[in-house]
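The values are calculated or read from the model by the stated rules, or taken from the named source; none is laboratory data. Predicted model, so just to flag it, every value in this text is computed and none were measured. Please note: Cβ atoms are built from the backbone with ideal geometry, for glycine as well, and neighbour counts cover all protein chains shown. Note: accessible area is taken over every heavy atom of the protein model, side chains too, but ligands, DNA and RNA are not part of it. Shrake-Rupley method; radii C 1.70, N 1.55, O 1.52, S 1.80 Å.
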Amino acid sequence: MTSKIKPAPVDVVIVGLGANGGTAAKVLSEAGLKVVGLERGPWLKNDKHYSGDELKFVNRNYMWPDSKLTPRTVRRSETEVAEPYPFSMTPQLVGGGTNHWAGWVPRPRESDFMLRSLHGDVDGASLADWPFRYEHLEPYLTKVEWEFGVSGIAGADKTEPFRSKPYPSMPLPPTRWGKKFYDACNKMGINAFPIPHASVTNGHKGRNPFNRTSFWNQYGDPSGARSNTATTFIPEAIATGNFELRSEAFVREVVVGKDGKATGVIYVDEDGAEIQQDAKVVILTLGAIESARLMLMSKSSKFPEGIANSSGLVGKNATFHEYLFAIGFFDKDIDDPVYGWAGNYISGGTMDFYETDESRGYIGGSITAASQTCHPINMVFPGRPLWGQALKDSDRTFFSHAMKIGLILHDLPQEANRVDLDPNVKDYMGLPVARITHKAHANDVAMGKWQVDKNVEILEMAGARKTIPVYLDQMTGNTCHQHGTARMGFDPAKSVLNEWCQSHDVENLFVLDGSGFPTATGVNPTLTMMANAWRCSDYIASYYLKGREMRLEPPK
Amino acid sequence: MSSKADWKTILEPVNPDSNEPLFFTKHEWDTVEAIAARIIPTDYDPGAKDAKVVVFIDRYISGISYIFASADGSGFLEIDGKHAHSWRARISDLQKVYREGLQVVDQVSASNYSKQFVALDSESQDEVLVKVSGQPKPGAVNLGTTEPATTFFQFVSDDGLPFWPAICLHVKQGFYADPVYGGNKNHMGWKVIGFDGPESLKDTMDGTYTTADKFTGDYNWGELIPVLANQSDFPVPVKSEGLYN
């Protein structure tokens, strides 16, 4: 193993430079702190590495982790041996999931922060309130919308809670299939609106959003349309002169000192050299699966079960959402094409089915939105004939005559659904991989059924002449959304992190991704995560590193 | 070892008219071409044989030189380091899957018709493929029905696929992928289904290729979203300004 000179200690080391690591890097370096960011993947450049190549981006996983190098395993019960399965393989590179994402960024609702207060004990679920409320997050939601770049129409979503500012950019015009969605919803009395989108259509902050290719979800964007931390917050952090980015740096341990505080991290660089980076504060932002894995791998005499894990809850209560949907086909001989493959993935959506209505047979609810059916190789078409004349005929007939309405399933937390270290399977470095144990809750299945059936109704109102509803069978991790593996709370026996996403056990360790979410919410989580990462980074800069403390009162 | 960010561009786009296999034997090449012609047959529109899908598959499984086109489609990326190791293993598995699978196709042909697959008429070829796949021949997709499905997996790769699903996936890929990879000759596959794709990958990097005409031009936000009439906190737009108008 090569030995290299130990780098100078810094104020903050951030592990994982995706949506949340990028946010923390910007906020902390702009506050004047010396920050090093370590990213295990490469630093791809949008104008150099990205184009509309379906085979490369969707099938051969150019941007995604290679599941031979860094596998994950999944099992559905305690007694099974987990099998390798590419579960929630969020891209690991500078910018993380903001490279490939569709970019739905709806705001969470007030109810999302208080599910336990609203519903009490639910059989088999481990509901918990968040240690803060929507009003604590609102200023930060607005900061992210304006600094990162979000398009939308303020006031168009009648169920949205208070917002202090409108959006910095107008949305894209509706697609043809989006227009079908709006028209059907208006006939049914449903409030449809443009789902807030992490992209701009104007020159906000000097961006050039020229990409009109429809190569969007799962593709990198060569233009300045998509909001990606690799092209926004991270360059802004570098411009302060306070932030140093090291890509291809795989952190394998958070080191604990004699005083029980973290001293820094050990990483392996591109040449295989092991390097220790010391810092006053360690921030983990690897996503709820890999952050939990790193904590569990960071064993010491003080923390034999993994760092910050005196509660035994690291990895538990994992929630992943699931993308469910229904497809509608139109008649090529009669109906105009809707071009289901065109657009920046989403068009109109609704939040009308989000709040609990117990007559539906479940609690909670989900965001619903019309979205692309994608490109020719990977057209979203369950039941597409595998081969023969039927394949050719159905592709020719439906490629431009299909649309989709999907939802993000608000799954309930269960303590047994968890991430831990696989006892058998190792990654290319010989380190144990993350093992997912997951079984859907009855509430998840019931919610998926009702909401998918509602999507079918909307498709039929839109004039679809055939529908394919896709119901929940088991979680596949198809959203890349990850939460709950180090839940926040006030009680150190029942939570891993406090209200600032600061470890109860290790005061200078913060986990600023979705790991802290006590419940999953029914919206795409990235806006909520980034706003929370900003809020907690503010606390680190303004309080913790100034030797001060502030605690929130448990909300009533 | 170099980062994925620094992989060099090598080679040139694959020539779809090449008849020289890099991996297959001549007989394997002919058999793959014949199978591809049954997976996406030629009718009043071109099929997989016309689009040179066999060239696409041969290049893909010949090694690790034709895995990722460069962003602009001028050539291919030279995969390096741990990724090269992983892709070599993946391709080596696929070579074995193809070699063995093609033998099975000929064995089933021989035991049922006493001929090699390539010598059969298309009806008999389909019978052989039904036996190889272990499933009935897929039927037409009809309107006027609702057909439920369960859990859809977004992550699409060919890792671990047996021969039949692998070749079906690869034929679809070769028919519809960007022509830099050797198939979809002259955008033939795209034309069959009416996909107005880009002339080149480069055209998707600089704003040359646009699908703006596939959006709705004739709309008014106030009509699409009636609740906007009830709110007064923020200005109510009529249309989105910008590049899509």
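Side notes on the structure shown:
- Number of positions in segment A:198-209 that are open to solvent by 10 Å² or more (accessible area, probe 1.4 Å) and either touching a His at 6+ places or on another chain (Cβ under 9 Å) or not in a loop (DSSP other than H, G, I, E, B) (or both): 3
- Test: residue in segment B:67-74 that is at pLDDT 95 or above and within 20 Å of B:Ala166 (Cα to Cα): yes
- Of all residues making up segment A:192-236, the number that are closer than 24 Å to B:Ser70 by Cβ, among the polar types (S, T, N, Q) and within 11 Å of chain B (Cβ to nearest Cβ): 7
- Selected residue (criterion: least open to solvent (accessible area, probe 1.4 Å)) from residues of segment B:73-120 that are touching a residue at least 40 places away in the same chain (Cβ under 8 Å) and among the basic types (Lys, Arg): B:Arg90
- Verdict on A:Tyr182 being within 30 Å of B:Tyr209 (Cβ to Cβ) and open to solvent by 10 Å² or more (accessible area, probe 1.4 Å): no
- Restricting attention to segment B:1-45, the residues that are touching a strand residue (DSSP E or B) at 6+ places or on another chain (Cβ under 7 Å) and open to solvent by 30 Å² or more (accessible area, probe 1.4 Å) total 3.
- Residues of segment B:170-204 that are touching a strand residue (DSSP E or B) at 6+ places or on another chain (Cβ under 8 Å) and part of a helix (DSSP H, G or I): B:Val180, B:Tyr181.
- A:Gly315 being within 14 Å of another protein chain (Cβ to nearest Cβ) and in contact with a Lys or Arg (Cβ under 8 Å, 6 or more places away or on another chain): no
- Positions within segment B:110-161 being closer than 30 Å to A:Val456 by Cα and more than 7 Å from chain A (Cβ to nearest Cβ), in sequence order: B:Gln135, B:Pro136, B:Asn142
- Inside segment B:193-245, residues that are among the polar types (S, T, N, Q) and crowded, with 17+ Cβ neighbours inside 10 Å make up a count of 6.
- Check on A:Leu33, in contact with a helix residue (DSSP H, G or I) (Cβ under 7 Å, 6 or more places away or on another chain), within 21 Å of A:Gly149 (Cα to Cα) and in a loop (DSSP other than H, G, I, E, B): no
- For segment A:19-30, the criterion of a residue being open to solvent by 10 Å² or more (accessible area, probe 1.4 Å) and assigned to a loop (DSSP other than H, G, I, E, B) is satisfied by no position.
- Residue list for segment A:253-263, restricted to those being part of a strand (DSSP E or B) and either in contact with a Lys or Arg (Cβ under 8 Å, 6 or more places away or on another chain) or open to solvent by 60 Å² or more (accessible area, probe 1.4 Å) (or both): A:Val256
- Among the residues of segment B:52-72, those that are assigned to a loop (DSSP other than H, G, I, E, B), touching a strand residue (DSSP E or B) at 6+ places or on another chain (Cβ under 8 Å) and either within 10 Å of chain A (Cβ to nearest Cβ) or in contact (Cβ under 8 Å) with a residue 60 or more places away in the chain (or both) comprise B:Tyr66, B:Ile67, B:Phe68, B:Ser70.
- Residue match in segment B:207-230 (condition: more than 7 Å from every other protein chain (Cβ to nearest Cβ) and within 30 Å of B:Ile91 (Cβ to Cβ)): no
- When segment A:319-340 is filtered for residues that are within 19 Å of B:Phe215 (Cβ to Cβ), of a type in the set (A, V, I, L, M, F, W, C) and touching a strand residue (DSSP E or B) at 6+ places or on another chain (Cβ under 6 Å), only A:Val338 remains.
- Extreme residue, farthest from the other protein chains (Cβ to nearest Cβ), among residues of segment A:80-108 that are open to solvent by 10 Å² or more (accessible area, probe 1.4 Å) and of a type in the set (D, E, K, R): A:Glu80
- Selection within segment A:69-79 - in contact (Cβ under 8 Å) with a residue 40 or more places away in the chain and either more than 7 Å from every other protein chain (Cβ to nearest Cβ) or open to solvent by 20 Å² or more (accessible area, probe 1.4 Å) (or both): A:Thr70, A:Pro71, A:Arg72, A:Thr73, A:Val74, A:Arg75, A:Arg76, A:Ser77, A:Glu78
- For segment A:343-390, filtering for residues that are of a type outside the set (A, V, I, L, M, F, W, C), within 14 Å of another protein chain (Cβ to nearest Cβ) and either on the phi > 0 side of the Ramachandran plot or over 20 Å from the mean Cα position of the chain (by Cα) (or both) leaves 14.
- Tally of residues being in a helix (DSSP H, G or I) and touching a Leu at 6+ places or on another chain (Cβ under 9 Å) across segment A:152-180: 3
- Scan of segment A:32-67 for residues that are open to solvent by 10 Å² or more (accessible area, probe 1.4 Å), within 24 Å of A:Gly315 (Cβ to Cβ) and at the interface with chain B (Cβ under 10 Å from one of its Cβ atoms), ordered by number: A:Trp64, A:Asp66, A:Ser67
- Residues of segment A:459-508 that turn out to be in a strand (DSSP E or B), open to solvent by 10 Å² or more (accessible area, probe 1.4 Å) and either in contact with a Gly (Cβ under 8 Å, 6 or more places away or on another chain) or among the aliphatic types (A, V, I, L, M) (or both), as a count: 1
- Test result for B:Ile39, more than 10 Å from chain A (Cβ to nearest Cβ) and under 14 Å from the mean Cα position of the chain (by Cα): no
- Scoring B:Ile167 on the criteria (1) facing chain A (nearest Cβ under 7 Å); (2) among the hydrophobic types (A, V, I, L, M, F, W, C); (3) part of a helix (DSSP H, G or I) leaves a single failure, condition (1).
- Hey, A:Thr397 open to solvent by 20 Å² or more (accessible area, probe 1.4 Å) and not basic (Lys, Arg) or not: yes
- Selection of first residues in segment B:178-190 that are free of Cβ contacts under 8 Å to residues at least 24 places away in the same chain and closer than 16 Å to A:Gly52 by Cα and of second residues that are among the acidic types (Asp, Glu) and open to solvent by 30 Å² or more (accessible area, probe 1.4 Å), restricted to Cβ pairs under 9 Å at least 6 apart or on distinct chains, gives the following pairs, ordered by first then second residue: B:His187/B:Glu199; B:Trp190/B:Asp196.
- Qualifying residue in segment A:509-518 (condition: surrounded by fewer than 21 Cβ atoms within 10 Å (Cβ to Cβ) and either out of contact with any Lys or Arg (no Cβ under 8 Å at 6 or more places or on another chain) or outside any loop (DSSP other than H, G, I, E, B) (or both)): no
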